[in-house]
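Read through the structure below, which is laid out as structure tokens, and then see the notes.
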Amino acid sequence: MRYLIRRHPQGGRVLRRVLRWAFAVGCYYSGAVMLLNRFFPRHGALIYFGHRVADDFDDWLGGVPPDLFEQQIAWLCRHFRFMSMDELVDHLQQQRPVPDNSLVLTLDDGFADNYTHALPILEKYRVPVTIYLVTDSIDTGELPWPQRLAWVLARTQRETLDLNIPVPQRLTLRTLAERLQALNFIKELRKQLPMRQQLDLFQSVVDQCGVRTPKDRMLNWDQVLEMRRHGVGFGSHTVHHPFMKCLPLEDARWQLEESKRVLEERLGERVRHFCFPHGSYGEAVGRQAQAAGYESYFIPGGLDRTNNHRRSPFQLRRLGLSDDAWPVLPLTTTRWFTDWLRPDRRQNEKD
Ligand SMILES: [Zn+2]
């Protein structure tokens with residue numbers, strides 16, 4: 001029940017969550033979920049994505065609590081066949097049919113709880129995972145910029161914020177709604193700016209807010225390497241987690257190439273997979289990702305979430321791992337729910 005009544009300042013849609021949960025309970029316990037999956041199997045792979053696996057209930061950072069995560073993984077293991085991103089992309093490159101009802105698990109951003117909380121569960125159930133890393137965050141320990149801004153704006157004592165880039169303006173931070181508005185305003189503003197100016201803007205916000213940011217929330221390189229020894233796969237999620245399709249092409253290319261270079265140097269192997277932050281895919285930047293040597297990435301939206309051998313590895317589509325109370329996740333595995341009702345059609349645009 002506590003998952004249902006959590007406050008979600010970035011969503012705030014408690015009623016919708018309760019209704020979805022009640023609907024899922026009906027579908028799950030009536031056997032409808034199993035019937036739908038039996039009569040409408042997925043001819044290919046469903047790719048789930050998540051971020052944090054944590055029980056601190058930090059609504060500004062979000063995440064799936066570990067006990068719910070384990071319940072979901074245990075159920076998925078019983079009814080689906082997990083494969084790694086490497087395995088899926090191998091199938092697609094060789095145009096081999098992907099086994100029915102396959103699942104791929106991915107986690108974005110590289111939070112430390114992926115090591116402390118998710119890894120033991122994934123090892124217990126022998127589930128492969130690919131984690132998309134933001135290399136600057138692994139280097140510095142700082143949250144990726146969108147979460148870092150959310151962190152300081154949620155906690156600052158200040159009631160106003162002065163932005164000087166690209167033009168002087170003042171934002172107010174008196175209420176929760178105004179703080180959310182400020183966060184969204186800055187996220188929009190950055191789309192007009194080259195990377196250097198974005199970083200200057202973000203740093204000035206953090207400095208003004210005067211709030212210390214945590215440096216223990218992200219994976220460090222030791223943890224990354226240990227996870228790699230345990231079979232975890234890693235892909236790139238850029239250096240600074242920018243909105244890629246709005247960046248000048250030169251900046252976008254640097255994000256693609258530099259993150260790949262750093263990861264390959266640390267891991268000692270080729271990094272094949274890329275993930276656009278916020279689902280910020282565009283055709284031009286997609287071509288750049290391919291030119292940089294990546295072999296797969298995800299694109300947002302789309303009706304059919306099943307990835308099979310007719311799909312290019314540069315057209316993969318994902319589905320958000322549910323942080324709703326059990327049993328919402330089983331409902332999301334049905335084609336009827338994910339492909340036709342598309343409850344998460346904006347999920348790919350999340351951080
Ligand atoms: Zn991200």
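Could you identify the single residue in 150, 182 that is within 16 Å of the ligand (Cβ to nearest atom) and among the small types (Gly, Ala, Ser)? Break it down stepwise before answering.
On the way: 182 fails: within 16 Å of the ligand (Cβ to nearest atom).
After applying the criteria, what remains is 150.
In contact with an Asp or Glu (Cβ under 7 Å, 6 or more places away or on another chain) and surrounded by fewer than 23 Cβ atoms within 10 Å (Cβ to Cβ): which single residue out of 261, 272, 253 fits that description? Give the derivation first.
Working: 261 fails: in contact with an Asp or Glu (Cβ under 7 Å, 6 or more places away or on another chain); 253 fails: in contact with an Asp or Glu (Cβ under 7 Å, 6 or more places away or on another chain).
Only one candidate passes the filter, namely 272.
Determine, yes or no, whether residue 116 is of a type outside the set (D, E, K, R), without any contact (Cβ under 8 Å) to a residue 12 or more places away in the chain and in the same structural domain as residue 274 (by TED's automatic domain parsing). Step through it out loud before you land on a result.
On the way: of a type outside the set (D, E, K, R): yes; without any contact (Cβ under 8 Å) to a residue 12 or more places away in the chain: yes; in the same structural domain as residue 274 (by TED's automatic domain parsing): yes.
For residue 116, the condition - of a type outside the set (D, E, K, R), without any contact (Cβ under 8 Å) to a residue 12 or more places away in the chain and in the same structural domain as residue 274 (by TED's automatic domain parsing) - is met.
Across segment 216-239, what is the number of residues that are away from the ligand (no atom under 16 Å from the Cβ), in a loop (DSSP other than H, G, I, E, B) and surrounded by 15 or more Cβ atoms within 10 Å (Cβ to Cβ)?
Number of matching residues: 2.
Could you give every pair whose Cβ atoms fall below 6 Å, whose first residue belongs to segment 268-293 and is in contact (Cβ under 8 Å) with a residue 12 or more places away in the chain, and whose second residue is within 13 Å of the ligand (Cβ to nearest atom) and assigned to a helix (DSSP H, G or I), counting only separations of at least 6 or pairs across chains?
Correct list of pairs: 276/244; 278/349; 279/348; 279/349; 280/244; 285/244.
Within segment 92-135, track down each residue that is touching a helix residue (DSSP H, G or I) at 6+ places or on another chain (Cβ under 9 Å), among the hydrophobic types (A, V, I, L, M, F, W, C) and farther than 13 Å from residue 53 by Cβ.
Answer for segment 92-135, where residues must be touching a helix residue (DSSP H, G or I) at 6+ places or on another chain (Cβ under 9 Å), among the hydrophobic types (A, V, I, L, M, F, W, C) and farther than 13 Å from residue 53 by Cβ: 98, 103, 104, 133, 134.
Quick one: in segment 245-284, which of the residues that are assigned to a helix (DSSP H, G or I) and among the small types (Gly, Ala, Ser) is farthest from the ligand (Cβ to nearest atom)? Outline the logic, then answer.
Here is the first cut: in segment 245-284, the ones assigned to a helix (DSSP H, G or I) are 245-246, 249-267, 277-279, 283-284.
Then drop every residue that is not among the small types (Gly, Ala, Ser), which leaves 252, 259, 279, 284.
Details: 252: 16, 259: 12, 279: 9, 284: 20 Å.
Ranking the qualifying residues of segment 245-284, first place goes to 284.
Only residues that are closer than 24 Å to residue 335 by Cα and either touching a Pro at 6+ places or on another chain (Cβ under 7 Å) or surrounded by fewer than 22 Cβ atoms within 10 Å (Cβ to Cβ) (or both): list them for segment 91-102, please. Write out each step before concluding.
Residues of segment 91-102 closer than 24 Å to residue 335 by Cα: 91-92, 95-102.
Listed by number, the residues that qualify are 91, 92, 95, 96, 97, 99, 100, 101.
Check 135, 106 and return the single one that is within 16 Å of the ligand (Cβ to nearest atom) and touching a Gly at 6+ places or on another chain (Cβ under 8 Å). Full working, then the answer.
On the way: 135 fails: touching a Gly at 6+ places or on another chain (Cβ under 8 Å).
Matching residue, one of 135, 106: 106.
Would it be correct to say that residue 302 is more than 29 Å from residue 54 (Cα to Cα), assigned to a loop (DSSP other than H, G, I, E, B), assigned by TED's automatic domain parsing to the domain that holds residue 32 and within 19 Å of the chain's Cα centre (by Cα)?
In short, yes.
What residue, among those in segment 109-132 that are outside any strand (DSSP E or B) and within 16 Å of the ligand (Cβ to nearest atom), is farthest from residue 81 (Cα to Cα)?
Of the residues in segment 109-132, the ones outside any strand (DSSP E or B) are 110, 112-128.
Then keep just the ones that are within 16 Å of the ligand (Cβ to nearest atom); that gives 110, 112-114, 118.
Details: 110: 24, 112: 26, 113: 24, 114: 21, 118: 19 Å.
The qualifying residue farthest from residue 81 (Cα to Cα) is 112.
The values are calculated or read from the model by the stated rules, or taken from the named source; none is laboratory data. Quantities reported herein were computed from a predicted structural model and do not represent experimental measurements. Please note: Cβ atoms are built from the backbone with ideal geometry, for glycine as well, and neighbour counts cover all protein chains shown.
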